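Enquirer: Let me begin by handing over the structure; questions about it come next.
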Amino acid sequence: MSTLCCPECFGDRGLRNSIIPSLDPDYGKCSFCGSSNVDLIEPRKLADVFEMLIGIYEQDETGKSLVEWMRDDWRIFSHESMDNAHAKELLGEILDDGEIVRKKFSPSETYQSEGLARWETLRDELMYHNMDEPPET
């Protein structure tokens with residue numbers, strides 16, 4: 001049986017209320033955070049969402065892991081059971097890349113230069129507004 005993730009892994013209302021329900025979820029116990037009676041999806045189905053998020057970071061050996069950035073900037077992986085190991089495993093499955101979660105990153109200068117207001121605006125745009133529209137085919 002494949003591993004499945006749930007909205008509780010991420011602790012994000014956009015994923016919980018809009019994105020995951022739109023992906024034809026199953027129902028049961030989460031493979032990652034252990035939450036019961038929750039919507040479940042294959043992690044890879046979230047690739048587009050997370051590729052948008054990580055697109056604002058660039059590899060930097062003095063930076064932090066993507067999991068750390070996801071927690072700090074986006075408050076993702078906030079479930080108490082989502083320690084770094086579980087979060088890295090889940091992000092690696094979402095991106096279908098177990099190596100990327102071991103690398104260090106920093107925000108791209110394009111986004112960093114305009115400060116926190118830009119981060120909040122971008123987060124809101126990516127996580128809530130764009131996801132209400134059906135993807136172009």
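The values are calculated or read from the model by the stated rules, or taken from the named source; none is laboratory data. Only a predicted model underlies this, so the values are computations on that prediction, with no experimental measurement involved. All Cβ positions, glycine included, derive from the backbone under ideal geometry; neighbour counts span all protein chains shown.
Enquirer: Cβ-Cβ under 8 Å, sequence separation 6+ or interchain: first residue in region 99-119 and under 14 Å from Tyr57 (Cβ atoms) and small (Gly, Ala, Ser), partner assigned to a helix (DSSP H, G or I) and at pLDDT below 70. Which pairs?
Expert: What qualifies is Ser106/Gln112.
Enquirer: Something else about it: Considering only region 24-39, state which residues are within 19 Å of the chain's Cα centre (by Cα) and among the aromatic types (Phe, Trp, Tyr).
Expert: Result: Phe32, single match.
Enquirer: From (1) loosely packed, with under 15 Cβ neighbours inside 10 Å; (2) over 17 Å from Glu99 (Cα atoms), pick out the condition that doesn't hold for Val38.
Expert: So the condition that Val38 fails would be (1).
Enquirer: OK, next. Could you list, in sequence order, all residues of region 40-58 that are more than 16 Å from Lys88 (Cα to Cα) and modelled with pLDDT of 95 or more?
Expert: Leu40, Ile41, Lys45
Enquirer: Between residues in region 18-35 that are among the hydroxyl-bearing types (Ser, Thr, Tyr) and residues that are part of a loop (DSSP other than H, G, I, E, B) and surrounded by 14 or more Cβ atoms within 10 Å (Cβ to Cβ), which pairs lie under 6 Å by C-beta distance while being six or more apart or on different chains?
Expert: Note: pairs meeting the criteria are Ser31/Leu4; Ser35/Cys6.
Enquirer: A follow-up question, please. Consider only pairs whose beta carbons are under 6 Å apart and that are at least six residues apart or on different chains; among these, list those whose first residue lies in region 43-57 and is surrounded by 16 or more Cβ atoms within 10 Å (Cβ to Cβ) and whose second residue is at pLDDT 90 or above and of a type in the set (D, E, K, R).
Expert: Pro43/Glu93
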